[in-house]
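Please treat every number below as a calculation from the coordinates, not as lab data. Only a predicted model underlies this, so the values are computations on that prediction, with no experimental measurement involved. Note: ideal-geometry Cβ built from the backbone for every residue, glycine included; neighbour counts use all protein chains shown.
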Amino acid sequence: MADEVKLWGIRYRAHNGVVRWAVLVAPAEFGPGNPSPPLPLVVSPHGRGVRARTNARMWQQLPARGNFAVVCPGGMGRRLPLHSWGFPGQIDDLVRMRSHVTSAHPWLRVDPDRVYAVGGSMGGQETLLLVSRPAARLAGAVAFDSVTDFFRRYDDFAALGRKGRALQALARLEVGGTPRTRGDAYLRRSPAHFKELIASSGVPLQMWWSDADEIVTGQENQSGKLFVELRALGPTAPLEKVTGSWSHTAESYRELQLPGAVEWLGLVPDV
């Protein structure tokens, strides 16, 4: 990574007391010897199985070009760190990320009126759940290729063959059962279950989804359906969509979605 940005570690205690790591991406000019002015902060939950440092590197030079910071938490579910799938305790941790950043690196000053959330796949699921939390005080959010109905997603895993069966096993471990035995827990991890809160949140929201998504299949029943439901509820802030036929890959996230998100949020005027 070039010298335009620098990565900083953050050690934080998750909802269950386990110590986890987050990675802060900030313009390289700022540090202990040169405190920043109040900067926008983006909370960026990672996708399924993606480590915090990998997620941080996806942002490339965008924070320097827009003069903002990004925090990429390691995450912690009920049982699993990289497969948190919207566990309420993980969303609580995301709400607290701003304070973790400023406690660990007091030289980074965060503008409290410009805190955003951006995430894809499982990170999009958690971004949408974060929007439903008033305590997050978000100024805007963008969610890509998101799981919005985790109850349905469990069954959709079967279309992925052997890999899908392994994911179902991980979901049972993380949630504590199947949608038939722990339906309430699957609903609490589903942004669609909180659609009224999302619509009334006052948070500007942009949702992206693809009709060629080979990972979160059937997006017409995930992001597409939630978007229609939110629109019908009459959202109290701008709600926009971006649709297309991109693949569910790190390249799409890095080269297409993240630049588009920060431009829509007004963080980088001209990417």
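Can you list the residues, at least 5 places off or on another chain, whose amide H is less than 5 Å from the amide H of Gly31, using H built in the peptide plane?
Long-range HN contacts for Gly31: Ser36.
Need the full-extension length gain, Arg172 to Ala158, defined as separation in residues times 0.36 nm minus the C-alpha distance. One decimal, nm.
3.7 nm
Please give the peptides 208-217, 159-168 ranked by average Cβ packing (other Cβ atoms within 10 Å per residue), highest first, as a rough proxy for protection.
Numbers: 208-217: 18.6, 159-168: 12.8.
Highest mean packing first, the order is 208-217, 159-168.
Normalised by the number of residues in the chain, what is the relative contact order in percent for Cα pairs under 8 Å and 6+ residues apart?
Relative contact order for the chain comes out at 17 percent.
Mean residue ellipticity at 222 nm from the helices of the chain, using -39,500 (n - 2.57) per DSSP H segment of n ≥ 4 over the full residue count, to the nearest 500 deg cm²/dmol?
-8500 deg cm²/dmol
Can you give the direction-averaged projected area of the convex hull of the alpha-carbon atoms in the range 111-211, in nm²?
Mean orientational projected area (the range 111-211, Cα hull): 7.0 nm².
Over all pairs of distinct alpha carbons, what does the Kirkwood formula give as the hydrodynamic radius of the range 224-271, in Å?
12.6
Return the distance in nm (one decimal) between the two label points of a simple spin-label model at Thr236 and Asn16, each offset 7 Å from Cα along Cα→Cβ.
Modelled inter-label distance: 3.4 nm.
In a GNM of the chain with a 10 Å cut-off on Cα contacts, which of Phe150, Phe87, Phe194 has the highest mean-square fluctuation?
So, out of Phe150, Phe87, Phe194, the one fluctuating most is Phe194.
What aspartates and glutamates sit close enough to Lys163 to cross-link, taking a C-alpha to C-alpha distance under 20 Å and skipping anything fewer than 8 places away on the same chain?
Asp145, Asp149, Asp155, Glu174, Asp213, Glu214
If you stretched the chain out fully between Ser200 and Asp111, how much longer would it get, using 0.36 nm times the residue separation minus the C-alpha to C-alpha distance? Kindly include the intermediate steps, with their values, before the conclusion.
Numbers: separation 89, 0.36 × 89 = 32.04 nm, distance 2.33 nm.
Between Ser200 and Asp111, full extension yields 29.7 nm more.
Working out 0.36 nm times the residue gap between Ala212 and Glu29, then minus their Cα-Cα distance, what length gain in nm do you get to one decimal? Before the final figure, lay out each step's value.
Numbers: separation 183, 0.36 × 183 = 65.88 nm, distance 4.02 nm.
Length gained between Ala212 and Glu29: 61.9 nm.
Given a cut-off of 26 Å, what percent of all Cα-Cα pairs of the chain lie beyond it?
When all Cα pairs of the chain are counted, 36 percent exceed 26 Å.
Run the reach check for Lys225 against lysines, Cα to Cα strictly under 18 Å, same-chain hits fewer than 8 apart removed. What comes back?
Within reach: Lys195, Lys241.
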